[in-house]
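Novice: I'd like to ask you about the structure that follows.
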Amino acid sequence: MKDDDQTLRPSDSYVQSFARGLEVIRSFGAAAPRQTLTEVADATGLTRAGARRILLTLHTLGYVRMEGRAFELTPKILDLGFAYLTSMPMWHSAQPVMDALVEQVHESCSIAVLDGQDVVYVMRVHTHKIMSTNLGIGSRLPAFWTSLGRVLLAELPAHELQHLLETRDRSQFTRLTVQDDDALLAQIGQVRVQGWCLLNQELEEGLTSVAAPIRNAAGKVVAAMNISGQANRTTPEIMRQELLPQLLQAAGRVSALLGYRAGSGATRAGAVRR
C-alpha cells in the first residue's frame, strides 16, 4: 500500500484501516490464492502485526479461512461483488438478451464496465473457450486493447482519456498490439464516430472481438457489450458483416430496457456500412 499517496486521501474522511483491509483482500487472486501472514504483509506493504489484525478480523467475519499457517478467501467474499451486481437492474435486463444473442451467433458474449485502466466483466455468456485466460464475472483486461475497452474509452472526456493514455501499460501483447499513442487516439476517435469497435488479435493471438455501447436513459454509455471469437473461425470480416448487426441490435435492446430512446449512433443501420 502506498501510504505516502496523499492525493487520493481526503484527510478528514479517509478511513485508513478500512482501506488496508481492502488491500489485504485484493492481495489474494489467481497468482496467490493461499498466502502466509508474511506473504500478505509483503504484498500489501503492511507490518506483520497490521496484516495479522486484518486477517483475523476477516476470519472472524467469515471472509477468510485459516489452514495451518496459510490464509485463503472464502466464498462469502463474493457477497461484496454481488452487492454491486444486484444493485444494478441493468444486469437482470441484459441476461435474456445476451442468451438470445449467443444462441444466434454461437459465440461468447460479455458486458463490461470501465474501471481505471481496465475493463471489468460484469456479465458473460459462454459458448466456447476462446482465450487461454478463463474469463468470468470480475475478470479484468486492459481497456486499450479490448473492443469493450475502446468503446468505453471513446466516451471519456479528452483530459481523462489523455491521462489514461499517458499512464497506460506499454506491453506488446501480440505482434498486432497497437502501442503508438497517436494511433491509439485515432482508433478510439473512429470508435466514437462509428459507435462500435472491432479488434483483431491485439490482446491475444487468435482472438477477435466486436463491441457496442450500452446507454442509459440519459444517453450516457454505462457499459459495453461484445462478441468474441477465434480468428481462424470468425474472421474480422465475418465479425463486421455478419455478427456486428446482431450485436448492435442486442446492445440497442438493452439500452432501450434502460430507458434509452433517442436515435443512437451505436444502433443505426448505417454504422455497419462505414
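The values are calculated or read from the model by the stated rules, or taken from the named source; none is laboratory data. Only a predicted model underlies this, so the values are computations on that prediction, with no experimental measurement involved. Note: ideal-geometry Cβ built from the backbone for every residue, glycine included; neighbour counts use all protein chains shown. Please note that ligands, DNA and RNA were not included when accessible areas were found on the heavy atoms of the full protein model with its side chains. Shrake-Rupley method; radii C 1.70, N 1.55, O 1.52, S 1.80 Å.
Novice: Show the residue pairs that are 6+ apart or on different chains and have beta-carbon atoms under 6 Å apart, the first residue being within the stretch 32-61 and touching a residue at least 40 places away in the same chain (Cβ under 8 Å) and in a helix (DSSP H, G or I), the second being open to solvent by less than 30 Å² (accessible area, probe 1.4 Å) and polar (S, T, N, Q).
Specialist: Short answer, once both residue conditions are applied: 44/27.
Novice: Being surrounded by fewer than 13 Cβ atoms within 10 Å (Cβ to Cβ) and modelled with pLDDT of 80 or more: is that true of residue 80 here?
Specialist: yes
So that you can scan it fast, the table gives a plain yes or no per residue for (1) open to solvent by 10 Å² or more (accessible area, probe 1.4 Å); (2) more than 26 Å from residue 253 (Cα to Cα); (3) out of contact with any Leu (no Cβ under 7 Å at 6 or more places or on another chain); (4) in contact (Cβ under 8 Å) with a residue 40 or more places away in the chain:
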| position | (1), (2), (3), (4) |
| --- | --- |
| 139 | yes, no, yes, no |
| 176 | yes, yes, yes, no |
| 189 | yes, no, yes, no |
| 205 | yes, yes, yes, no |
| 222 | yes, no, yes, yes |
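Novice: While we're looking at this one, here's another question. With 195, 229, 219, 206 as the choices, which residue is of a type outside the set (Phe, Trp, Tyr) and in contact with a Pro (Cβ under 9 Å, 6 or more places away or on another chain)?
Specialist: The conditions single out 195.
Novice: If we scan the stretch 148-163, do we find a residue that is of a type in the set (Asp, Glu) and over 25 Å from residue 31 (Cα atoms)?
Specialist: Looking for residues that are of a type in the set (Asp, Glu) and over 25 Å from residue 31 (Cα atoms), one finds at least one in the stretch 148-163, hence yes.
Novice: So if I check each of 190, 230, 179, which one is in contact with a strand residue (DSSP E or B) (Cβ under 8 Å, 6 or more places away or on another chain) and among the polar types (S, T, N, Q)?
Specialist: None of the others qualify; the one that does is 230.
Novice: A further question on this structure: Just one of (1) without any contact (Cβ under 8 Å) to a residue 40 or more places away in the chain; (2) under 19 Å from residue 149 (Cα atoms) trips up residue 111, so point out which.
Specialist: (1)
Novice: Could we say that residue 170 is within 20 Å of residue 101 (Cα to Cα), modelled with pLDDT under 95 and of a type in the set (D, E, K, R) here?
Specialist: Against the criterion (within 20 Å of residue 101 (Cα to Cα), modelled with pLDDT under 95 and of a type in the set (D, E, K, R)), residue 170 does not qualify.
Novice: Which of the numbered conditions does residue 19 fail, given that it passes all the others? Conditions: (1) open to solvent by less than 30 Å² (accessible area, probe 1.4 Å); (2) modelled with pLDDT of 95 or more.
Specialist: (2)
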